1. Has segment 68-82 got at least one residue that is among the small types (Gly, Ala, Ser), in contact with a Lys or Arg (Cβ under 7 Å, 6 or more places away or on another chain) and in a strand (DSSP E or B)?
2. Could you tell me whether any residue of segment 44-53 is at pLDDT below 90, polar (S, T, N, Q) and more than 14 Å from the chain's Cα centre (by Cα)?
3. Inside segment 55-67, can you point out the residues that are modelled with pLDDT of 95 or more, surrounded by 11 or more Cβ atoms within 10 Å (Cβ to Cβ) and not in a strand (DSSP E or B)?
Amino acid sequence: MQLKPIDDRVAIQASDEEEKKVGGIIIPDTAKEKPQIGEIVAVGTDEDLKEIVKVGDKILYAKYGGTDVDVDGQKYTIISRSDILAVIE
């Protein structure tokens, strides 16, 4: 199955940041913060958006933005253009 966002949305995969343990304390998954950096894996149909970002770009996105989906065992987040804060170069 292929994921194709529509309009001004992009599909991203959150970056795999290493889990940091301070003082041996293990933080449960429910208390961990959602990463805000991801790599674009698909861009929607909006022509203006395609000029700004492309597949493979790393972006910083809004903390509570987007919808998490699971496609063929892979976790993606679908976010709208307004939730993209910056492109990381």
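1. Yes.
2. No; the residues of segment 44-53 include none that is at pLDDT below 90, polar (S, T, N, Q) and more than 14 Å from the chain's Cα centre (by Cα).
3. Matches in segment 55-67: Val55, Asp57.
The values are calculated or read from the model by the stated rules, or taken from the named source; none is laboratory data. Everything numeric here is computed off the predicted structure, so don't read it as measured data. So basically every Cβ, Gly included, is an ideal-geometry build from the backbone, and we count neighbours across all protein chains shown.
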